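Here the structure is laid out as structure tokens; the discussion comes afterwards.
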Amino acid sequence: MQEIDSTQLIYAVDLTGTFVFAVSGWLIASKKELDFFGASVIAFITAVGGGTLRDVLIGSQPVGWMADLNYLVAILAGIVAAIFFKRLFEKLRKTMFLFDSIGIGLFTILGLEKTLSFGLSPVVAIMMGTISAVFGGVLRDTLVNEIPLIFRKEIYATVCLSGGILYWLMGILGVNADLQIMLTIIYIISFRILSVVNNWSFRAIK
């Protein structure tokens, strides 16, 4: 069986993450009863906000979604899926949480890989991976008048940071690149889900 090229895998991860976060953004906007335009803006910002900030910080110009219209197609597909399957999503418990967990897993990897490709240090790459994963959600929550998850007690950004460290350690150990990517994504999603199911959190400052 032919081995998947790592570049193609990263590209697929990027488009999938864009789609997933667009769905997440639309569902939350719908819950807030925004109109079609408002919900579309929230879906767009959720999908590309983190990646846009990352690209600006590492000097990648033009930013990803401007150079490749497939990202806009992925966002549109996410919006359409959220519209047509909204009732199904609403029946599933914690659907928005699941989409968000998948999104941060995918975007953490993308941010890591893209930053490393610019020759920056692993420490910076881990930071950019976390920004890629959480900043779109920060913008989304701020615009719909919610306290962003990253600022609450929930374990959120920490999951991305620890996933980035795991990815870096596997690279040092010489783990196959595709396996390295998939294991990190699975770790981040699983850790995020377990932290919520088991009510793991940091103590709030009083």
Across the chain, how many lysine pairs separated by 8 or more positions, or lying on different chains, have Cα atoms within less than 24 Å? 11
Obtain the radius of gyration and the Kirkwood radius of segment 22-123 from its C-alpha atoms and give Rg over Rh. 1.02
Charge dipole of segment 1-150 about the Cα centre (unit charges at C-beta), most positive-ward option of Val123, Leu34, Phe21: Leu34
Provide the gained length on full extension for the span Asp35 to Leu169, in nm with one decimal, where the gain is 0.36 nm per separating residue minus the Cα-Cα distance. 43.7 nm
Length gained if Asp178 through Leu72 is fully extended, taking 0.36 nm per residue and subtracting the Cα-Cα distance, is 35.6 nm
Where the eigenvalues come from the Cα gyration tensor of segment 133-206, what are the semi-axes √(5λ) of the equivalent ellipsoid, largest first, in whole Å? 27, 14, 10
Expressed as a whole percentage, what fraction of the accessible surface of segment 21-152 belongs to carbon and sulfur atoms when a 1.4 Å probe is rolled over the protein heavy atoms? 69 percent
Between Rg and the Kirkwood Rh of the chain, both from Cα atoms, what is the Rg to Rh ratio? 0.96
On a full-extension model of 0.36 nm per residue, what is the gain between Asn145 and Leu88, subtracting their alpha-carbon distance, rounded to one decimal in nm? 18.0 nm
With everything on Cα atoms, drop me the angle between helix 36-58 and the longest principal axis of the chain, reported from 0 to 90° to the nearest 10. 20 degrees
Å² per residue, accessible surface of the chain at 1.4 Å: 54 Å²
Listed residues Ser40, Ser132, Ser190; largest mean-square fluctuation, Gaussian network over the chain with Cα springs below 10 Å, found at Ser190
What is the angle, in °, between the Cα long axis of helix 70-84 and the longest principal axis of the Cα atoms in the chain? Nearest 10 is fine, range 0 to 90. 40 degrees
Taking one equal scatterer on every alpha-carbon of segment 78-188, how large is log10 of I(q)/I(0) by Debye at q = 0.11 1/Å? -0.40
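The values are calculated or read from the model by the stated rules, or taken from the named source; none is laboratory data. Keep in mind that what you see is a predicted model, and the values were worked out from it rather than measured. Heads up, the Cβs are rebuilt from the backbone with ideal geometry, glycines too, and the neighbour counts pull from every protein chain shown. Side chains included, ligands, DNA and RNA excluded: accessible areas come from the protein's heavy atoms. Shrake-Rupley method; radii C 1.70, N 1.55, O 1.52, S 1.80 Å.
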